[in-house]
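Enquirer: Okay, here's the structure, questions in a sec.
Each value in this text was obtained by applying a stated rule to the coordinates, not by laboratory testing. Since the structure is predicted, the reported quantities are computational estimates derived from the model, not experimental observations. Methodologically, a virtual Cβ is constructed for each residue, glycine included, from the backbone with ideal geometry; neighbour enumeration extends over all protein chains shown.
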Amino acid sequence: MIEQKNIISQNYYDGKNQLNLGFVSEQKRYKSNEWGTFLQWKNLNRMVQKGEKSEVIIKPVKNSKLNPKTGEKETKRGMKRYRVFNKEQTKEIT
């Protein structure tokens, strides 16, 4: 299976995201292994074609903020969902 990667960072997805996007790529017979969000494709002068469905990936995130009572920095960990499209679901904007 070809490893799936993000179009902007060129980093390969890991874990469950890699398995899910790899499975979808094989099922839909995508030749490209490049994925990106709607805005990432738009910034690359590409448009997601009408009617195309996204795939969900999950990425761990850290949020830091200052606690007003204690004055200490607090970090919370969580997960964030992103919706991505394969390059073959997009077309160049002319």
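Enquirer: Along each of its three principal axes, how wide is the spread of alpha-carbon positions in the chain, in whole angstrom units, largest first?
Expert: 54, 32, 23
Enquirer: With 21 Å as the limit, write out which pairs from Lys53/Lys80; Lys62/Lys87; Lys16/Lys62; Lys16/Lys50; Lys53/Lys91; Lys31/Lys59 have Cα-Cα distances beyond it, or answer none.
Expert: In this structure, Lys62/Lys87; Lys16/Lys50; Lys31/Lys59 lie more than 21 Å apart at Cα.
Enquirer: Right, something else. Among Asn67, Asn17, Asn45, determine the one that fluctuates most according to a GNM of the chain built with springs between C-alpha atoms less than 10 Å apart.
Expert: In the Gaussian network model the winner is Asn67.
Enquirer: Between Phe23 and Lys91, what length comes free when the chain is fully extended (0.36 nm per residue of separation minus the Cα-Cα distance, one decimal in nm)?
Expert: Working: separation 68, 0.36 × 68 = 24.48 nm, distance 2.23 nm.
Full extension from Phe23 to Lys91 adds 22.2 nm.
Enquirer: Report the extension gain between Lys76 and Ser54 in nm, rounded to one decimal, defined as 0.36 nm multiplied by the number of residues separating them, less their alpha carbon distance.
Expert: 5.1 nm
Enquirer: Say R0 is 30 Å: what FRET efficiency, to the nearest 0.05, do Asn11 and Lys42 get from their beta-carbon distance?
Expert: Using R0 = 30 Å, I get an efficiency of 0.90.
Enquirer: Quick check: net charge around Phe85, other residues with Cβ under 13 Å of its Cβ, Lys/Arg +1 and Asp/Glu -1? Display every interim value, and only then the final one.
Expert: Details: positive: Lys28, Lys42, Arg46, Lys50, Lys53, Arg83, Lys87, Lys91; negative: Glu34, Glu52, Glu55, Glu88.
Here the count lands on +4.
Enquirer: Another question, if that's okay. Could you tally the net charge around Pro60, taking each other residue with its Cβ under 10 Å from the Cβ of Pro60, Lys/Arg +1 and Asp/Glu -1?
Expert: Within the 10 Å Cβ shell, the charges total +4.
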